[in-house]
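All remarks here apply to the structure that follows.
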Amino acid sequence: MTEREPIGVIGAGYVGLVTAAGFAELGSEAWCVDVDAEKISRLRAGESPLYEPGLQELLEKHSERMHFSTALADALEHTRLLFVAVGTPPTHSGDADLSSVYEVVESLPAGDSAADRAIVMKSTVPCGTGESIKRAFKESGRERLAYVSCPEFLKEGSAVADFLHPDRVVIGDDRDAAGEAVLELYRPLLAREHGGSASGALVRTDIASAEMIKLASNAFLATKISFINEIANVCEETGADVVEVARGMGLDERIGPKFLHAGLGYGGSCFTKDVSALKLLAGNSGYHFQLLAAVIEVNELQKRRVVARLQRHLGTLAGKRVALLGLAFKPNTDDMRGASSLVLAARLQAEGAHVRAYDPVAQEQARALMPTLEYVSSALEALAGADAAVLVTEWPELLALDWREVAATMSGNLLVDGRNALDRAALEAAGLLYEGIGRGAPPRAGDAHARAEQQGERARDSVSVRAAGAGA
Ligand SMILES: NC(=O)c1ccc[n+]([C@@H]2O[C@H](COP(=O)([O-])OP(=O)(O)OC[C@H]3O[C@@H](n4cnc5c(N)ncnc54)[C@H](O)[C@@H]3O)[C@@H](O)[C@H]2O)c1
């Protein structure tokens, strides 16, 4: 293997760690820096601080090639390209908080030691950030630092696979050596016409367009999700079944089946903040992005509609026992940021319900955010004596529950399928009262076929995020 450029990665979270491990897999030395000393000491001990399929294995496989430190100087000493993957959470105003990004920018060297260096922005930042940072470099005598925008499109739960098999790699730069160096790093993941042997398409563009590609992509996916959720709500009024409707729509190749799964609304750290950041970015530039205002509102209401549904069946929720099955914002992750369970649990508690919760992986993260819930160590324990249950996250182990056992252990029989992921016929055969999202029509003979088809699509689409538990 030809010698590959070593990389620095600032911020060892979902994006930073996967980027470092992914490039290590492609042959680079990776120097990871994080301000979180506990995270770094766990990484030094060979332990992944977050749950992401395949990540622990890569950390072990490349332990010689991956280095971890709390000191930026360690990365600066060994690398020219610094991938920035720090968080950009929303501020109180809903705009992106760029303070961590600027902390990194301000700690970069000036003078001769800036020469040939570049920062490569993986964090999702508002369009215009690259220009502002280049201006800041200039004003502080560090114009020799180059800037490349390289937005990240990985999805939690399949992040390692997404890194190694990207749909596209977006590089926004000034057509300079730094952009070329980033392109060289990604080359093995690109399609043949870009010198690679894989299937990723290359989008080499200007910095502002690269920044906007990321925001617009997430906003579009969120819009698709809110759209099908609104269709689901109309289905509930009209007797149509949104699963059938989505299947019929998705077969149109202009529409496609992905992100057409009605549910409790999108969650996760990215969609919520990126949609809001884009709406406000437009507003700050004098444009009212009306569509995104509706997308956000639909999503907020979608999480709350389940409460009304439970009330319709149970009357007042005061004193009622409700089991929440799954808490993470989607399966295969321990990430609780933006999870629908946060809103749902808070609303249920506000109505006086006793909430018992179970998640196969995200329980500790959930406990830190919702300390007043009762946590148990299995789904059946959560269901014992429950008046109703809500499937919040479609973890495989929850889809495979023995529904007769579930019916026998619950006090009531209502099960709300917040992800339209369960086998309605099996639940009903077990004596449970099944309620999906937007599934107005009673089950028909064709249901089994539609369900089988949808489950097949879910399997194929395992790297995609669903409306039900969506988020990047
Ligand atoms: N998580 C995703 O699925 C995803 C996908 C695409 C893009 N993104 C974007 O990538 C960025 C990172 O997201 P994430 O989910 O990996 O966040 P994260 O919170 O998991 O990780 C961020 C890390 O940066 C560290 N950090 C903060 N300030 C620092 C500093 N000054 N120096 C060094 N380390 C610092 C934090 O301690 C944390 O470990 C965000 O902008 C996000 O929008 C995330």
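Only the coordinates and a few stated rules stand behind these numbers; no lab work does. Predicted, not measured: the structure shown is a model, and the values here were computed from it. Quick reminder, even Gly has a Cβ in these numbers, built from the backbone with ideal geometry, and neighbours come from all protein chains shown.
Need one number: the % of Cα-Cα pairs in the range 61-216 sitting beyond the 21 Å mark. Can you show the working numbers first?
Numbers: 5828 of 12090 pairs.
Percentage above 21 Å: 48.
Tell me which residues come under 5 Å, amide H to amide H, from Ala386 once H is placed; ignore anything under 5 positions away on its chain.
The answer is Ser411, Gly412.
With θ taken as phi - 60° and the coefficients 6.51, -1.76 and 1.60, list the Karplus ³J(HN,Hα) couplings across the range 14-19 in order, rounded to whole Hz; mark glycine and proline as x.
4, 6, x, 5, 5, 4
So how far, in whole Å, is the C-alpha centre of the range 311-349 from the one of the range 1-70?
34 Å
From the backbone phi of the range 22-37, what are the Karplus-calculated ³J(HN,Hα) couplings (6.51 cos²θ - 1.76 cosθ + 1.60, θ = phi - 60°) in whole Hz, Gly and Pro given as x?
x, 5, 4, 4, 7, x, 8, 6, 10, 10, 9, 10, 8, 6, 8, 5
How large is log10 I(q)/I(0) at q = 0.18, 0.20, 0.21, 0.23 Å⁻¹ when the Debye formula is applied to the Cα atoms of the range 33-96, each weighted equally and without solvent?
Log10 of I(q)/I(0), two decimals: -0.80, -0.93, -0.98, -1.08.
Which three lengths, in whole Å and largest first, does the range 112-157 cover when its Cα atoms are put on their principal axes?
Sorted from largest, the Cα extents of the range 112-157 read 41, 20, 10 Å.
Over the Cα atoms of the range 196-275, Rg to Rh with Kirkwood Rh, two decimal places? Don't skip to the end; give the middle numbers.
Working: Rg = 15.9 Å, Rh = 14.6 Å.
Expressed as Rg/Rh, it is 1.09.
State, to one decimal in nm, how far the label point of Ala350 lies from the label point of Ile255, with both points 7 Å from Cα in the Cβ direction.
A separation of 3.4 nm, rounded to one decimal place.
Just rank Asp97, Asp252, Asp34, fewest to most, by other beta-carbon atoms within 10 angstrom.
Going from sparsest to densest Cβ surroundings: Asp252, Asp97, Asp34.
Could you size up the charge dipole of the chain around its Cα centre, putting +1 on the beta carbon of Lys and Arg and -1 on that of Asp and Glu, and report it in debye to the nearest 20?
The dipole of the chain has a size of about 960 debye.
Output the direction-averaged projected area (hull surface divided by four) of the convex hull of the alpha-carbon atoms of the chain, in nm². It would help to have the intermediate numbers written out before the result.
Details: hull surface 91.5 nm².
Taking the Cα atoms of the chain, their convex hull projects to 22.9 nm² on average.
Tell me, what HN-Hα J-couplings in whole Hz come from the Karplus equation 6.51 cos²θ - 1.76 cosθ + 1.60 at θ = phi - 60° for each residue of the range 245-252, using x for Gly and Pro?
Ordered by residue, 3J(HN,Hα) equals 4, 5, 5, x, 5, x, 6, 6 Hz.
Length gain on complete extension for the stretch Leu369 to Gln311, per 0.36 nm per residue less the alpha carbon to alpha carbon distance? Can you show the working numbers first?
Values: separation 58, 0.36 × 58 = 20.88 nm, distance 2.52 nm.
Taking Leu369 through Gln311 to full extension adds about 18.4 nm, to one decimal.
I'm a student and want to see the number: the projected area of the Cα convex hull of the range 334-428, averaged over all directions, in nm².
The orientation-averaged projected area of the Cα hull of the range 334-428 comes to 5.7 nm².
Pairs Lys273/Lys303; Lys61/Lys214; Lys134/Lys214; Lys214/Lys258; Lys155/Lys320; Lys61/Lys134: which exceed 28 Å Cα-Cα? Each step should come with its number before you reach the end.
Numbers: Lys273/Lys303 17 Å; Lys61/Lys214 31 Å; Lys134/Lys214 20 Å; Lys214/Lys258 18 Å; Lys155/Lys320 36 Å; Lys61/Lys134 37 Å.
Correct reply: Lys61/Lys214; Lys155/Lys320; Lys61/Lys134.
Please list, in chain and number order, the residues 5+ apart from Gly436 or on another chain whose amide H is under 5 Å from its amide H, with Hs placed from the backbone.
Asp417
Can you give me the long-range amide H partners of Gly267? Hydrogens built in the peptide plane at 1.01 Å from N, cutoff under 5 Å, separation of 5 or more residues or another chain.
Correct list: Ala470, Gly471.
Counting only other residues whose beta carbon sits under 14 Å from that of Leu278, what net charge do I get with K and R as +1, D and E as -1?
0
Putting +1 on Lys and Arg Cβ atoms and -1 on Asp and Glu Cβ atoms, find which of Phe271, Leu422, Gly438 reaches farthest to the positive end of the dipole of the chain.
Gly438
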